[in-house]
1. Would you check if there is a residue in segment 36-59 being surrounded by 15 or more Cβ atoms within 10 Å (Cβ to Cβ), in contact with a Lys or Arg (Cβ under 9 Å, 6 or more places away or on another chain), modelled with pLDDT of 95 or more and closer than 24 Å to PRO107 by Cα?
2. Any residue that is closer than 29 Å to GLU62 by Cα, among the charged types (D, E, K, R), open to solvent by less than 50 Å² (accessible area, probe 1.4 Å) and within 25 Å of the chain's Cα centre (by Cα) - is there at least one of those in segment 124-135?
3. Any residue in segment 57-77 that's more than 14 Å from SER20 (Cα to Cα) and without any contact (Cβ under 8 Å) to a residue 12 or more places away in the chain: show its pairings with residues that are part of a strand (DSSP E or B) and open to solvent by 10 Å² or more (accessible area, probe 1.4 Å) at Cβ separation under 8 Å, as long as the two are six or more apart or on different chains.
4. Would you check if LEU82 is surrounded by fewer than 17 Cβ atoms within 10 Å (Cβ to Cβ), in contact with a helix residue (DSSP H, G or I) (Cβ under 9 Å, 6 or more places away or on another chain) and modelled with pLDDT of 95 or more?
5. Any idea how many residues of segment 24-41 are in contact (Cβ under 8 Å) with a residue 24 or more places away in the chain and in a strand (DSSP E or B)?
6. Which ones in segment 177-194 are polar (S, T, N, Q) and without any contact (Cβ under 8 Å) to a residue 24 or more places away in the chain?
7. Given (1) open to solvent by 30 Å² or more (accessible area, probe 1.4 Å); (2) free of Cβ contacts under 8 Å to residues at least 40 places away in the same chain, identify the lone condition not met by PHE88.
8. Check GLU101 against each of (1) touching a residue at least 40 places away in the same chain (Cβ under 8 Å); (2) within 26 Å of LEU127 (Cα to Cα); (3) not in a strand (DSSP E or B) and name the one condition it does not meet.
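The values are calculated or read from the model by the stated rules, or taken from the named source; none is laboratory data. Remember, it's a predicted structure, so these values are computed and weren't measured experimentally. With ideal geometry, Cβ positions are generated from the backbone for all residues, glycine too; neighbour counts draw on all protein chains shown. To get the accessible areas, we keep the full protein, side chains included, count just its heavy atoms, and leave off ligands, DNA and RNA. Shrake-Rupley method; radii C 1.70, N 1.55, O 1.52, S 1.80 Å.
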Amino acid sequence: MSWFFDQWVYGVGHPVFEVSKLWDKVGQELTLTVKQVQEYDTLETEFPKTRYFEGKMLIEIEDKLEEIYIKPEKENTYTFKLSSNPQFVNFDFENSWVKEERFEKSPGEWVNQYQESKDLLAKISALGQLRKIANQASDQQEREIVYSAMRSVILSAKTYWRIKMQTLWQLQGLMVQNGELTLDPDTEKMLLAVIIDEESWVRSSAIWFLGMTH
C-alpha cells in the first residue's frame, strides 16, 4: 500500500480527470478515455506533487456498475461491451475520489443522469448542469425540456425527498422572469399533486413555490 500513502499522505495535489467517451455502433462497444491533466512541478521538496494518481474506481453506466483501475499514467482507456449506446455515464460513482472532473455531456445525457442515476451526488450535479442549460437556453422550448425533466423527478415515487426539495427550489428559481414567477399549467398541476400527496418538507416547499406566484 506504499503507493496509496505516497500519493494521498506524503504527496500533495489531487487528480484532474478529463473524461471522454466514444460509442462504436458496429462493434457495440463503449470506449472511455480518462486523462490526468493536473499541473506538475519538478521542484524537489519534502512533500512533492503526485505526478499521476492510481487506484480503483466505480463507473455507473446506466443501470450497471463497472470497476476500473486507474493506472499512474497520463491516459487510461477502457472498453465495455454493451447492447446499445448508454443514455448516461457517471464517472466515479458516489464521488469517492478527491478530484476535479471535466466530462462534457449533452443536455439529454444530463437529463438521463438526473432521472435515472442511483448516485445522489450525481443527481445533484446533473441538476446543477440542467439549471445552467435552462438559464442559457435561447427559447422557451429548450427550457421546457429541463422543466419537464424536473417535474418528472419531483412526481416520481422513487425519488429521495431531499432531491425533490432541491428540484423544487431550482425550478422555482428558473421560472422567475423579470422579478415575477408565472406558472405554466403543467407546473401548477405538479405543485398541486405534491401538496396533496407528499411528505411535509416537500409539501411545504411546494406551498411556498405556489405562494410566490402572481
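1. No, the conditions are met nowhere in segment 36-59.
2. Filtering segment 124-135 for residues closer than 29 Å to GLU62 by Cα gives 124-135.
Keeping just the survivors that are among the charged types (D, E, K, R) gives 131-132.
Going one step further and asking which of them are open to solvent by less than 50 Å² (accessible area, probe 1.4 Å), we end up with none.
Looking for residues that are closer than 29 Å to GLU62 by Cα, among the charged types (D, E, K, R), open to solvent by less than 50 Å² (accessible area, probe 1.4 Å) and within 25 Å of the chain's Cα centre (by Cα), one finds none in segment 124-135, hence no.
3. If the second residue must be part of a strand (DSSP E or B) and open to solvent by 10 Å² or more (accessible area, probe 1.4 Å), the pairs left are GLU67/LYS56; GLU67/LEU58.
4. Judged against the criteria, LEU82 is not a match.
5. Adding up the residues that qualify gives 8.
6. GLN177, ASN178
7. Just one mismatch for PHE88, condition (1).
8. Result: GLU101 fails condition (3) only.
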